[in-house]
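Here is the structure we will look at, set down as structure tokens.
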Amino acid sequence: MMQPDNFYTTYNARHLAPQEVAKTFIWSDSYSKLIQNNHSVILGARGCGKTTLMKMLTLPALYAWDSEGAKDVRENIPFYGIYISTDIYWDVKNQTYSSQLKPYGNFAEQISHFSVNSNVFSSLCDTFLNIISIELEDFDEDKEVELCKELIKAWKIPAAIPKLRFIKEALNERIDEVNQLIQKVIFNYDQKSVIQTPDYFNLNFESSIELVIPKFERIYGIQSSTKKSWALCFDELEFAPIWLQKKLFRSLRSRKQFILYKLSASPILSIELEKTLKGDYTATSGNDVQMIKMWSSSDNESFSKRIIESFVSGNKDLTSFFGTNAIYNKSPDSYTEGSEFYNELKSLIAKDDSFKKFLSSKGIDVDNPIPNTKEQKDVLFRKIKPIVYHRNYFIESNRNSKVTLRSRKKAIDLFSGIEVLAKVCDGNPRWLIGMMSLIMVKSKDRADKVTQYNEILNASNRFKNVIANIPIGKSAFTITDLIEKIGSFFKEQVHGPDFKMDPKGTFVVDQNEHEISKDILELIDKGVSQGAFILLDSNDDSFDFEIRGKRFKLSYLFSILYDLPIRTYTEIKLSECLSGKGLDTSQMSIFRS
């Protein structure tokens, strides 16, 4: 069994074959959108399941998928998926030898184009092989030889045996030849030298696949009535060179109807793409492209519950196995006299002057704190419920605006139960699967609260450690510094001397660069790509390029570290949050421009 310490780094769909991905795949609304016969763009943080969705478009994954609805998808999916994983080495400008190639004009750019072409051609060979062997079951060697002769001609591959596996070998050999050419240029050429590049440097993967795919269909007798589209599935485009990102996003209004583009990237796109994606002649959501924003999916909680169900054998009831959480379970009896919440209210009233004053200002009888009207129940009591539970647990007393906190204890009742498990990972399957695996290892007939609490806390600390190891350039502070300041501010909002019905729990990044520096923007951008900060209020029909002016929340996985309810609250400017109002401001100067 996988060790707990390395589970979260090991469980990554990027490292799994499509057949392996299919074994644990769970249907989601995002997948139902992705398999439509149109261009699609999936946006989301690392670990949110983008790669899993993209690999589930390939034939090996579809035929290895064994669950309800799988057969229907296999028979009706309207395209063949060509999965292409972005390689960081495509972006030659960011490689160690890039400065050494600067004197040679556009040579580095040519290498980048060659690298992308080679990967696309290799992936297309894989797709051809899968169609031939899995779907068509046509092993006629004459057809494969004819196809390969066309590929050899189109891709300028000399002296290759006309079999698809040898075509792939020839492509790999060519990559090695180019690597040798790079070293030769660096060590043997002077800056006045003219580099003679091979003819295959002039290939273009788009025009090439538009040429060879119809030939494949002709050779293998695919009739017009049964023809499918072909989807180029570029995964993790945030790591791709900007020229490729621009090319692919422009292609969302493609020339050929039989070529689709399925692209995945981080929530915030490079500002360099803004002109490409804005204008009268660019692709628009709903008309040209299906936008899939993973963080705003309406089925995140139900999707998380389906993942959790997959861990529980024997069709056991999730509430019975994990228990329920009174804060979030929406029990209709919560607000009646004598209920658990009623007792929480009474307890907090007895020790928190500010809460007692708050209820009185709302016309609530502090001796019998029950709602007098349906509106009071729906608007007031439901809203304050999580805050009441948290303040009552963590505050010892609040007299004359002086808060005394309880000695640190595990908030087991606050961070356990099926409702918490379904919310705490924000629909991120990588973290949820890792956490659930460890909970189940330690559970038999049921998962006790202590185990759940401990594994949520462990997952939170692991997540923070992952983020702490992200390179941040020359910045004097880190993403975890930023998380700590924001989390501490929000904690003060919930547990401070004044009871707040609407504590600040989200932040908006200031437009003014004098308030929030470029260093902070870079930290937030990297935090968003990791899922540490979750973008809110994003228009589902548009791309996001700017950090400034956007509203974010901390990942719910950090709630346990800062004693926060798993709930989204009102917003505050990031500059005000970082100014440390109500906090120790001795080190806040580092967050200023």
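Points worth noting:
- Across segment 29-77, the qualifying residues are those that are among the small types (G, A, S), in a loop (DSSP other than H, G, I, E, B) and farther than 21 Å from A17 by Cβ, and the one among them that is modelled with the lowest pLDDT is G69.
- Taking (1) surrounded by fewer than 12 Cβ atoms within 10 Å (Cβ to Cβ); (2) within 19 Å of E135 (Cα to Cα); (3) small (G, A, S) in turn, A231 satisfies each apart from (1).
- Selection from segment 235-268 of residues that are in contact with a helix residue (DSSP H, G or I) (Cβ under 6 Å, 6 or more places away or on another chain) and within 15 Å of L53 (Cα to Cα): D235, L237, Y261, L263, S264, A265, S266
- Annotation: K444 fulfils all but one of (1) outside the structural domain of S555 (by TED's automatic domain parsing); (2) under 22 Å from L405 (Cα atoms); the unmet one is (2).
- Residue in segment 509-516 that is within 21 Å of M291 (Cβ to Cβ) and without any contact (Cβ under 8 Å) to a residue 60 or more places away in the chain present: no
- Residues in segment 355-387 that are within 40 Å of the chain's Cα centre (by Cα) and closer than 25 Å to N400 by Cβ: F355, F358, I384, I387.
- Any hit, segment 165-184, residues being modelled with pLDDT of 95 or more, part of a loop (DSSP other than H, G, I, E, B) and in the same structural domain as S40 (by TED's automatic domain parsing): no
- Residue pairs meeting the criteria (Cβ under 7 Å; at least 6 apart or on separate chains; first more than 20 Å from S122 (Cβ to Cβ), in segment 210-228; second of a type outside the set (K, R)): K227/E217; K228/P78; K228/F79; K228/Y80
- Output for segment 497-532, where each listed residue is basic (K, R) and under 22 Å from S559 (Cα atoms): K500, K504, K526
- Scope segment 481-504; condition touching an Asp or Glu at 6+ places or on another chain (Cβ under 8 Å) and over 13 Å from L561 (Cα atoms); matching residues: V494, H495, F499, K504
- Meets criteria (assigned to a helix (DSSP H, G or I), buried (at least 17 other Cβ atoms within 10 Å of the Cβ) and over 35 Å from the mean Cα position of the chain (by Cα)) for L147: yes
- Single residue of segment 126-144 satisfying the filter (in contact with a Leu (Cβ under 9 Å, 6 or more places away or on another chain) and charged (D, E, K, R)) that is surrounded by the most Cβ atoms within 10 Å (Cβ to Cβ): E144
- Here is the figure for segment 325-340: residues that are surrounded by fewer than 17 Cβ atoms within 10 Å (Cβ to Cβ) and assigned to a loop (DSSP other than H, G, I, E, B) total 9.
- Note on segment 517-549: among residues that are touching a strand residue (DSSP E or B) at 6+ places or on another chain (Cβ under 7 Å) and without any contact (Cβ under 8 Å) to a residue 24 or more places away in the chain, the one that is farthest from G47 (Cα to Cα) is D537.
- The one condition from (1) of a type in the set (A, V, I, L, M); (2) out of contact with any strand residue (DSSP E or B) (no Cβ under 8 Å at 6 or more places or on another chain); (3) over 18 Å from A108 (Cβ atoms) that I195 does not meet is (3).
- For K402, the stated conditions hold: it is more than 39 Å from the chain's Cα centre (by Cα) and touching a residue at least 12 places away in the same chain (Cβ under 8 Å).
- Of the strands (runs of 3 or more DSSP E) lying entirely inside segment 496-580, the ones with 2 or more residues being closer than 20 Å to C48 by Cβ and in contact with a helix residue (DSSP H, G or I) (Cβ under 9 Å, 6 or more places away or on another chain) are found at 533-536, 551-554.
- Selection within segment 536-567 - more than 13 Å from I486 (Cα to Cα), surrounded by fewer than 21 Cβ atoms within 10 Å (Cβ to Cβ) and among the aliphatic types (A, V, I, L, M): L536, I566
- The residue of segment 280-309 that is modelled with the highest pLDDT, among those that are closer than 25 Å to Q530 by Cα and in a loop (DSSP other than H, G, I, E, B), is D299.
- Criterion applied to K409, K449 was being without any contact (Cβ under 8 Å) to a residue 40 or more places away in the chain and either in the same structural domain as V379 (by TED's automatic domain parsing) or more than 22 Å from S529 (Cβ to Cβ) (or both), and the one residue passing it is K409.
The values are calculated or read from the model by the stated rules, or taken from the named source; none is laboratory data. In this text the structure is predicted, and so the values were computed from the model without any measurement. Don't worry about glycine lacking a Cβ; one is built from the backbone with ideal geometry, like all the others, and counts go over all protein chains shown.
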